[in-house]
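What follows is one structure encoded as structure tokens, with my remarks underneath.
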Amino acid sequence: MSQKERLEQILKILEKQQTISQEEMISIFAISKDTARRDIVKLVDSGLVERYPGGVSLPVLKAKIEEYSNRLIRNAGDKKRIAEKASSLLESNMTIYLDVSTTVNFLASAIDKKEVAIVTNSIDNAMSVNRKVSKQVYLLGGFLNADSHLISGASVLQQLQRFNFDYAFIGGGGITEQGVFYSELTDISLKEEIISNSQKVCLLVDGTKINKVTGYKLDFSGIDIIITNRIFPGNVLGKLTSLGIEVINIGEGIA
């Protein structure tokens, strides 16, 4: 196999698993350590990968941007309809919080009520707000996470304490009868602060999140409404009903 063919195969592997070690390259392609090293140098010099001790990975920023873009496109029709339903809960002169979530991002552009004050730590939400109606948009200050287009840090939590939200709209990476799941531990403390400063909290989750589990869990305390597009399994629905959480199922549409 020529070097060009190997490099093509390495890039295909990276699209699936994000990283590949030098030892894996030696084993997969039956090549020497020197040959693997030359392949790594060629890929790094071309700008197609980033080097880490012992191997290479897809560029972090490229991977994050592609992941975020794919999540925006995936099930866009259902997410938009969930957002439109959420928008119908609002009234003029409310103060609301918009969480960092692709579904909540659709809500930012769907709000059509006048004189709504919007607070968010998402740059995308702030930019997506419909400017045709009069709104105040507060973008919380802190550390910029360029990959995820959000503002984070202790200052965000401190600023949240100054608000009294009529509604907070949050997303989730997964939902089971145990609670709502997120990929970062910092997501939990942020959601808890949002909930403690909100009169009502509405969780927006499309059907792909049902029975999906990630590393960190938030219980259902403080969540008042869940809007989704699929019927929850009996055990999940039973748990939510026992807690008095209203579930709004908009049904599945054409994505």
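The values are calculated or read from the model by the stated rules, or taken from the named source; none is laboratory data. Remember, predicted model here, so these are calculated numbers, not experimental data. As a convention, Cβ positions derive from the backbone with ideal geometry for all residues, glycine included, and neighbour counts pool all protein chains shown. These area figures cover heavy atoms from the full protein model, side chains too; ligands, DNA and RNA do not enter into them. Shrake-Rupley method; radii C 1.70, N 1.55, O 1.52, S 1.80 Å.
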What angle, in degrees between 0 and 90 and rounded to the nearest 10, separates the Cα long axis of helix 3-17 from the longest principal axis of the Cα atoms of the chain? 30
Would you mind telling me the share, in percent, of accessible area of the chain contributed by carbon and sulfur at probe 1.4 angstrom? 50
Only Cα pairs within less than 10 Å get springs; with that Gaussian network setup on the chain, which residue of Leu190, Leu237, Leu48 has the largest fluctuation? Leu48
Once you place label points 7 Å from the Cα toward the Cβ at Glu84 and Arg230, how far apart are they in nm? 2.1
With a 1.4 Å probe and all protein chains kept in place, how much accessible area does Val49 have, in Å² rounded to the nearest 10? 10
Would you grab the residues whose amide H sits under 5 Å from the one on Ala168? Only those 5+ places off in sequence or on another chain, please, with H modelled 1.01 Å from N. Tyr97, Lys200, Val201, Cys202
Based on alpha-carbon positions alone, could you give the equivalent ellipsoid semi-axes of the stretch 107-176 from the gyration tensor, as √(5λ), descending, whole Å? 20, 15, 14
Fully extended, how many nm does the chain gain between Ser183 and Asn249 (0.36 nm per residue separation, minus their Cα-Cα distance)? 21.3 nm
Highest-MSF residue in the chain out of Met94, Met25, Met127 [GNM, Cα springs under 10 Å]: Met25
At 7 Å along Cα-to-Cβ for each site, give me the label-to-label distance between Ala117 and Gln158 in nm. 2.0
Above 35 angstrom, tally the Cα pairs of the chain and express them as a % of all pairs, no decimals. 29
Each label sits 7 Å from Cα toward the beta-carbon; between Met1 and Ser27 the label points are separated, in nm, by 1.5
Return a whole-number percent for the relative contact order of the chain, with Cα pairs under 8 Å and 6 or more residues apart as the contact set. 14
Could you put Asp124, Asp166 in order of accessible surface area, largest first, with the 1.4 Å probe and the full protein assembly present? Asp166, Asp124
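Output the relative contact order of the stretch 102-168, whole-number percent, from Cα pairs under 8 angstrom with separation of 6+ residues.
27
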Can you give the extra length, in nm with one decimal, that the chain gains between Val213 and Ala146 once fully stretched, where that is 0.36 nm per residue apart less the Cα-Cα distance? 21.6 nm
Just the Cα atoms of the stretch 77-140, one point each, no solvent: what log10 I(q)/I(0) does Debye give at q = 0.14, 0.17, 0.25, 0.27 Å⁻¹? -0.32, -0.47, -1.07, -1.24
